[in-house]
1. Given the criterion buried (at least 24 other Cβ atoms within 10 Å of the Cβ), of a type in the set (S, T, Y) and closer than 22 Å to L201 by Cα, identify the matching residue among T288, T283.
2. Please indicate, with yes or no, whether at least one residue in the range 296-306 is under 19 Å from N339 (Cα atoms), in a loop (DSSP other than H, G, I, E, B) and either open to solvent by less than 10 Å² (accessible area, probe 1.4 Å) or among the aromatic types (F, W, Y) (or both).
3. Give, as residue ranges, the helices (runs of 4 or more DSSP H) completely inside the range 41-125 that count at least 3 residues that are in contact (Cβ under 8 Å) with a residue 40 or more places away in the chain and under 25 Å from P170 (Cβ atoms).
4. Scan (1) closer than 30 Å to E80 by Cβ; (2) free of Cβ contacts under 8 Å to residues at least 40 places away in the same chain; (3) among the basic types (K, R) for the single condition R150 breaks and write down its number.
5. How many residues does the range 64-86 contain that are open to solvent by 50 Å² or more (accessible area, probe 1.4 Å) and either farther than 27 Å from A110 by Cβ or touching a Pro at 6+ places or on another chain (Cβ under 6 Å) (or both)?
6. Restricting attention to the range 196-203, does a residue exist that is aromatic (F, W, Y) and in a helix (DSSP H, G or I)?
Amino acid sequence: MTGRVGALAAIAALAAIALVAPAAAGARVPQGFVGVVADGPVAEAGLDPSGELRTMVGTGVESVRIVFHWSDAQRYRRMEDVPAAERPRYREIDGVPTTFAHLDPLIANAARRRIRVLPVVTTAPGWAAKYPGQFASPPARTDTYAAFVRILVERYGPRGSFWRENPKLPHRPIRAWQIWNEANLRASWLEKRWPGPYAELLRAARRAIKATDRRARIVLSGFANYSWSSLAALYRVRGARRLFDEVAIHPYTRDVPGLATILGRVRHVMRRNGDRRKPMSVTEFGWTSAKGKTEGFGIELTERGQARAAARSLRLLARNRRRLGLRSAYWYNWAGRENPPGGSLFSYSGLRRVDPDGRWIAKPAQRAFRRTALRLRDCRRKAAIATRCARR
């Protein structure tokens, strides 16, 4: 994700041996299983996302994970703090100036394409941060975060104001909410002792969300690195098991079979803690095309290598979907602005790239992802078929 410096070195070398399920002939996945993260260029303010969302549909994408930055929507504590030129974009909600100017176009375009949206709500604004000025600061108080997520549900949930204001759009309300991102990493949650405070954030957010949409699903923060150990640590917090409806994992690994190893270990921890039936989602996975361009954690490949990994990993997740109880899987990332040598590893993670002149370019990985995703949904003949599959 934007601003990420995830410490992946320890996990990158993990490869699977015994936990990979045998290949299942003709593996198919349900609607919404194949997703991508729309971080970076697609979500940049001022850009029209409609063209790229249309391309996603043709690529077989049926779900998109979008970062809802709290710091963008509620940057200011009081209306008098908002610069005069910006005030038309804001409305005062519960005493806090709030803008949906950046989120509304993304939600509208996803609804038109009938793409399911999973928001990850993260990044405290300075006035609400425990450590102001630090990107990875947790909130100073859980109630301010809970108030914000409640506002989001009231905007984009089943009875949300967004749908009343846009009656011609297909009604595609958001029904799942991911609470923070990678809370088990210091790069996303500054404090080393995170399980207890994160559980309190979950508790407050769950109460606020369920009060507005009682059937909404609460999704965990996407654990990376030794994710099974982090999940076990959260389970040790009294009552934590009852605070979430879905586990989320970011199984970055050097070799494709490592996905099954990591997810198998997570599922083992879930069973041991009484969550045998609870679903799990892979809310980030992927490889970069950064080989020879910037150093990383063992997940950097050539563009052709990234394409092979995209196809193989999707097939592996589809084959193991039932055994592991997977609800969905999101490739990180849809597109990136690839930096010159020495730039960020994750800027090379996109299935597509945006050149300096603004052109959107398909990488080999997008073509491989498309072929595989459409086969998994039995939508192989034309991109138009993919659109019909997304709607059925």
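1. Values: T288 fails: closer than 22 Å to L201 by Cα.
After applying the criteria, what remains is T283.
2. For the range 296-306, residues under 19 Å from N339 (Cα atoms), in a loop (DSSP other than H, G, I, E, B) and either open to solvent by less than 10 Å² (accessible area, probe 1.4 Å) or among the aromatic types (F, W, Y) (or both): present.
3. Details: elements: 50-58, 70-73, 103-112.
The helices (runs of 4 or more DSSP H) meeting that bar are 50-58, 103-112.
4. If we test R150 against (1) closer than 30 Å to E80 by Cβ; (2) free of Cβ contacts under 8 Å to residues at least 40 places away in the same chain; (3) among the basic types (K, R), just (2) comes out false.
5. Final tally of qualifying residues: 8.
6. Within the range 196-203, the first condition is being aromatic (F, W, Y), and the residues that meet it are 198.
Restricting the remaining residues to those that are in a helix (DSSP H, G or I) gives 198.
Yes, because at least one residue in the range 196-203 is aromatic (F, W, Y) and in a helix (DSSP H, G or I).
Quick grid of which residues meet (1) in contact with an Asp or Glu (Cβ under 9 Å, 6 or more places away or on another chain); (2) hydroxyl-bearing (S, T, Y); (3) open to solvent by 30 Å² or more (accessible area, probe 1.4 Å); (4) on the phi > 0 side of the Ramachandran plot:
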residue	(1), (2), (3), (4)
H102	yes, no, yes, no
A111	no, no, no, no
A140	no, no, yes, no
R150	yes, no, yes, no
F162	yes, no, no, no
R172	no, no, yes, no
Q178	yes, no, no, no
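Residues checked against (1) modelled with pLDDT of 95 or more; (2) farther than 19 Å from V64 by Cα; (3) in contact with a strand residue (DSSP E or B) (Cβ under 8 Å, 6 or more places away or on another chain):
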position: R150; (1), (2), (3): yes, yes, no
position: R159; (1), (2), (3): yes, yes, no
position: H171; (1), (2), (3): yes, no, no
position: W177; (1), (2), (3): yes, no, yes
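The values are calculated or read from the model by the stated rules, or taken from the named source; none is laboratory data. In this text, all values refer to a predicted model and were calculated from it rather than measured experimentally. All Cβ positions, even for glycine, are placed from backbone atoms using ideal geometry, and neighbour counts span all protein chains on display. Accessible surface areas use protein heavy atoms only, side chains included; no ligands, DNA or RNA. Shrake-Rupley method; radii C 1.70, N 1.55, O 1.52, S 1.80 Å.
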